[in-house]
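Novice: Below you'll find the structure I mean.
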Amino acid sequence: MGRKLLLEKAHIEGIRFYDTYRKNGGYQAQEKAFKMSPADVIEEVKKSGLRGRGGAGFPTGMKWSFLAKPEGVPRYLVCNADESEPVTYKDRFLMEFLPHLFIEGLAISTYALGANTCYIYIRGEYAWIPDILEQAIAEAKQNGFLGKNILGTGFDLEIYVQ
């Protein structure tokens, strides 16, 4: 079957904002994932063939399955959006033009990994991007895709931009 491209909706005017993102299929993957168990989400990611964007292209689902699952210990997801690879701009483009897609991916990841807090690290040269992300985070919270009891599942998630 054909694969959807990460940036297939980047050309849609206003896609940066919740209403447009949602109208164009946004947050459907999160709704689907949150109806599954975290283990099933990891298996689905394994089957998808999704790979990391680093040089090794390591399979994401495999990496997630390696994480220890201690009980009663808080877990955190840290998204390193420093983008120190010369002239890649992959993180910047997603955060600037498709922030809800970026946030939806983080929400699914934290759910699968059992983390209730996510930190996004952004380099200082991208001074305008935290405002874009903070707005998208607020919109997602207002619409039940972040915060307390997301989609009635009992799962809580806070995302912070640093």
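The values are calculated or read from the model by the stated rules, or taken from the named source; none is laboratory data. Every value quoted in this text rests on a predicted model; they were computed, and no experiment measured them. Neighbour counts run over all protein chains shown; Cβ positions are idealised from the backbone, glycine included. These accessible areas exclude ligands, DNA and RNA; they are computed on the full protein's heavy atoms, side chains included. Shrake-Rupley method; radii C 1.70, N 1.55, O 1.52, S 1.80 Å.
Novice: What accessible area per residue, rounded to a whole number of Å², is obtained for the range 3-162 using a probe radius of 1.4 Å?
Specialist: Values: 9380 Å² over 160 residues.
Ligands and nucleic acids excluded, the figure is 59 Å² per residue.
Novice: Computed on alpha carbon atoms, what radius of gyration and Dmax characterise the chain, expressed in Å?
Specialist: Final numbers for Rg and Dmax: 15.4, 44 Å.
Novice: Can you give the relative contact order of the range 7-162 as a percent, counting alpha carbon pairs under 8 Å and 6+ residues apart?
Specialist: Numbers: 193 pairs, mean separation 39.6, N = 156.
Taking the mean separation of contacting Cα pairs over the length of the range 7-162, I get 25 percent.
Novice: Please list, in chain and number order, the residues 5+ apart from ILE120 or on another chain whose amide H is under 5 Å from its amide H, with Hs placed from the backbone.
Specialist: When sequence neighbours closer than 5 places are left aside, the close amide H contacts are CYS79, TYR160, VAL161, GLN162.
Novice: Please report Rg over Rh for the range 18-77, where both radii come from the alpha carbon positions and Rh follows the Kirkwood definition.
Specialist: Numbers: Rg = 14.3 Å, Rh = 13.6 Å.
Using only Cα positions, Rg/Rh for the range 18-77 is 1.05.
Novice: Cα extents of the range 98-162 along the three principal axes, largest first, in whole Å?
Specialist: Its Cα atoms span 37, 23, 16 Å along the three principal axes.
Novice: Tell me, what ³J(HN,Hα) does each residue in the range 13-19 have, in order and in whole Hz, if you take phi through Karplus 6.51 cos²θ - 1.76 cosθ + 1.60 with θ = phi - 60° and put x for Gly and Pro?
Specialist: 4, x, 4, 5, 9, 3, 4
Novice: Next question, about the same structure. Report the local net charge at ILE129: Lys and Arg +1, Asp and Glu -1, summed over other residues whose C-beta lies under 11 Å from its C-beta.
Specialist: Numbers: positive: ARG92, ARG123; negative: GLU83, ASP91, GLU96, GLU125, ASP131, GLU134.
Its environment carries a net charge of -4.
Novice: Just order 73-82, 143-152, 129-138, 94-103 by mean Cβ neighbour count inside 10 Å, highest at the front, would you? Display every interim value, and only then the final one.
Specialist: Numbers: 73-82: 14.0, 143-152: 15.6, 129-138: 17.4, 94-103: 22.1.
Highest to lowest by the protection proxy: 94-103, 129-138, 143-152, 73-82.
Novice: Further question on the same structure: Treating cross-link reach as a plain straight distance, find the lysines whose alpha-carbon is under 26 Å from the alpha-carbon of LYS69, omitting any fewer than eight places away in the same chain.
Specialist: Within reach: LYS32, LYS35, LYS46, LYS47, LYS148.
Novice: Tell me, how many Å apart are the Cα centres for the range 108-157 and for the range 16-84?
Specialist: 13
Novice: Moving on to the next point. Ordered by residue, what ³J(HN,Hα) values in Hz, to whole numbers, does the range 90-98 give under the Karplus form 6.51 cos²θ - 1.76 cosθ + 1.60, where θ = phi - 60° and Gly and Pro are x?
Specialist: Listing the rounded values in order: 5, 5, 4, 4, 4, 5, 7, 10, 9 Hz.
Novice: Right, another one. Among ILE120, ALA56, ALA107, whose Cα projects farthest towards the positive end of the dipole of the chain, with charges put on the beta-carbon of Lys, Arg (+1) and Asp, Glu (-1)?
Specialist: Positive-most Cα among the choices belongs to ALA56.
Novice: For the range 38-162, which whole percent of the accessible surface, found with a 1.4 angstrom probe, sits on carbon and sulfur atoms?
Specialist: Values: 3820 of 6840 Å².
Ligands and nucleic acids excluded, carbon and sulfur give 56 percent.
Novice: Determine, for each peptide in 56-64, 19-27, the mean count of other beta carbons within 10 angstrom over its residues, then list the peptides with the highest first. Write out the running numbers ahead of the final one.
Specialist: On the way: 56-64: 14.3, 19-27: 16.1.
Taking the mean over residues of other Cβ atoms within 10 Å, the ranking is 19-27, 56-64.
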